[in-house]
Amino acid sequence: MKRFVAVTICSLAGLSLVFAEKPVKVDLLISAAHVVTMDKDLRLYEPGAVAISGSRIVAVGPRVEVSARVRATRSTDLGNRWVMPGLINTHTHIPMNLMRGLGDDLELMEWLTKYIFPLEAKVVDARYVYEASLAGCAELISRGVTTAVDMYYFEDEVARAVREAGLRGWLGQTLIDFKAPDFATPEAALEYTEKCMVKWAADPLVKVIPAPHSGYTCSPETLRRSVALARKLRLPMTTHLSESANEVADIQKKYGLSPVRHMAGLGILGPDVLAAHCVQLTEEDLRVLKETGTAVAHNPDSNLKLASGIAPVVAMRRLGIRVGLGTDGSVSSNRLDMFHAMDLAAKIHKLRENDAAVLKAAEAVRMATSEAAAALGAESAIGSLEEGKQADLIVLDLDTPLAQPVFNVYSHLVYVAHGESVESTMVAGRWLMKNRKLTTIQASRLKEIYQRYGRLMTASLEKTQ
Ligand SMILES: [Zn+2]
């Protein structure tokens, strides 16, 4: 951790500006007591400043130096606030936002087959997906998430909502071998996926990608065709992998292999694949993930709640496997709070490894920012506050008795802060929430959505029971 207090040496990011003859014109200069960059060297500026033009960061560094070098159209002094990169949620199901609290306290397979799949068959249509996605985006923005990796049905509707909300997203269209709420066959879903991928390919914030649900719900043919589509259009792919002991037993029985080796044998795994969970792994599986360069989305809250197990994240990261944090959907995780995910990740691995020093707070923050960006292959654009990167940042209010005094910013971010600490959220230079007020989604619209679907789903559940 490199801590820069007041006027010390200038940042590398600011160097290009130090020698400039004239102040550089920028759109916005934000200064705050703590600027946590999450760059490779974990530079901290206290106080610090971030200069932004358009969607990009122009300079980051000590406040005195950055403000002397730029001429800003607007300046915002945030006083005691903290500024850090926006959080990257590497695995969620945004439209499940309105199903929170349904079918709690069940084991994964029972929860999926007896509860979630039948309920989805009844209530999920294009309109539900769009409106539930708006609700999900409101939650993500309000808890400091600026990028989300999604997996659901009618993904074009998710894309529409995410775009309207102003978030960044890699949005996975689910491919599955039984009748889904959107398509009866994987062939029809694949055709739709390709159309959506092409439609959103040039969008600066949103991409649609293939998301075969898993090895236990997709045939080898569906898995192969999904990855072939991703590679044809040069986009990543996401899937669930090795989430539970039941999945391992199921795949072993069907194919005589572990889920990881089954997918690897089909040519599915690779650096362009983000595999969610990877809880139940053998040494051989870990080696395969490393050799194929596959990235992992780690969802500690979901894994604990569904009793799936504790993923061997320490071993993965020691091998150089890219691991990003995620929440999973609001039914298996209940809150899309990446601060909660960081807190859990920093603790459960200490327990798993019987070693309190094994995954330090700063490493948990990396898994929600820079390492999550790397897991998406997007580390040159997002994941840290650095010159040239996208202006995806959040402002935290930790000026509370709980977080004072400040000895170690990462400790407070992981063990004290929570989603409600987020005061403002910016994506690509645009505020999506300012002083806790959403700017792109109307509160009245959300209220109407919550009420209407609350009634509809309660009626649907009453009919089921
Ligand atoms: Zn999931």
Subject >> Candidates 222, 217, filtered to the one that is touching a strand residue (DSSP E or B) at 6+ places or on another chain (Cβ under 7 Å) and β-branched (Val, Ile, Thr) >> reply: 222
Subject >> Tally, over segment 387-400, of residues that are closer than 26 Å to residue 438 by Cα and either surrounded by fewer than 21 Cβ atoms within 10 Å (Cβ to Cβ) or free of Cβ contacts under 8 Å to residues at least 24 places away in the same chain (or both) >> reply: 4
Original post:
What are the residues in segment 168-180 that are crowded, with 19+ Cβ neighbours inside 10 Å and either closer than 30 Å to residue 374 by Cβ or away from the ligand (no atom under 16 Å from the Cβ) (or both), if any?
Top reply: 168, 169, 170, 171, 172, 173, 174, 175, 176
Original post:
Within the group 434, 360, 447, which residue is touching a strand residue (DSSP E or B) at 6+ places or on another chain (Cβ under 9 Å), without any contact (Cβ under 8 Å) to a residue 60 or more places away in the chain and surrounded by fewer than 18 Cβ atoms within 10 Å (Cβ to Cβ)?
Top reply: 434
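Residue-wise test of (1) hydrophobic (A, V, I, L, M, F, W, C); (2) part of a helix (DSSP H, G or I); (3) modelled with pLDDT under 95.
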position: 35; (1), (2), (3): yes, no, no
position: 75; (1), (2), (3): no, no, no
position: 80; (1), (2), (3): no, no, no
position: 84; (1), (2), (3): yes, no, no
position: 91; (1), (2), (3): no, no, no
position: 98; (1), (2), (3): yes, yes, yes
position: 103; (1), (2), (3): no, no, yes
position: 106; (1), (2), (3): yes, no, yes
Original post:
Among the numbered criteria (1) buried (at least 21 other Cβ atoms within 10 Å of the Cβ); (2) part of a loop (DSSP other than H, G, I, E, B), which single criterion is violated by residue 57?
Top reply: (2)
Original post:
Filter segment 249-278 for residues that are more than 25 Å from residue 379 (Cβ to Cβ) and surrounded by 21 or more Cβ atoms within 10 Å (Cβ to Cβ); which is nearest to the chain's Cα centre (by Cα)?
Top reply: 259
**OP:** Evaluate the following for residue 195: is it free of Cβ contacts under 8 Å to residues at least 40 places away in the same chain, within 18 Å of residue 90 (Cβ to Cβ) and basic (Lys, Arg)?
**Re:** no
**OP:** Return a yes/no flag: does segment 100-110 have any residue that is within 16 Å of the ligand (Cβ to nearest atom) and closer than 23 Å to residue 193 by Cβ.
**Re:** no
Original post:
Got a sec? Which of 144, 103 is under 22 Å from residue 394 (Cβ atoms) and among the small types (Gly, Ala, Ser)?
Top reply: 144
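Could you say which residue among 138, 165, 228 is surrounded by fewer than 21 Cβ atoms within 10 Å (Cβ to Cβ) and more than 16 Å from the ligand (Cβ to nearest atom)?
Of the residues listed, the single one that is surrounded by fewer than 21 Cβ atoms within 10 Å (Cβ to Cβ) and more than 16 Å from the ligand (Cβ to nearest atom) is 228.
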**OP:** Show the residue pairs that are 6+ apart or on different chains and have beta-carbon atoms under 9 Å apart, the first residue being within segment 327-340 and over 16 Å from residue 142 (Cα atoms), the second being among the acidic types (Asp, Glu) and outside any loop (DSSP other than H, G, I, E, B).
**Re:** 328/301; 332/301; 333/301
**OP:** Consider residue 240 carefully, then state whether it is outside any helix (DSSP H, G or I) and either within 16 Å of the ligand (Cβ to nearest atom) or touching a residue at least 24 places away in the same chain (Cβ under 8 Å) (or both).
**Re:** yes
Subject >> Hits in segment 73-97 (condition: buried (at least 24 other Cβ atoms within 10 Å of the Cβ) and away from the ligand (no atom under 14 Å from the Cβ)) >> reply: 82, 83, 84, 85, 86, 87, 88
Original post:
Out of segment 195-225, which residues are aliphatic (A, V, I, L, M), over 22 Å from the mean Cα position of the chain (by Cα) and either crowded, with 23+ Cβ neighbours inside 10 Å or within 16 Å of the ligand (Cβ to nearest atom) (or both)?
Top reply: 223
Subject >> Identity of the residue in segment 94-109, more than 23 Å from the chain's Cα centre (by Cα) and among the hydrophobic types (A, V, I, L, M, F, W, C), that ends up farthest from residue 246 (Cα to Cα) >> reply: 106
Original post:
Hey, which of the helices (runs of 4 or more DSSP H) in segment 110-194, taking only ones fully inside, have at least 3 residues that are over 24 Å from the mean Cα position of the chain (by Cα), basic (Lys, Arg) and at pLDDT 95 or above?
Top reply: none
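The values are calculated or read from the model by the stated rules, or taken from the named source; none is laboratory data. On a predicted model such as this, the values are computed, not experimentally measured, just so you know. Note that we place each Cβ from the backbone using ideal geometry, even for glycine, and neighbour counts take in every protein chain shown.
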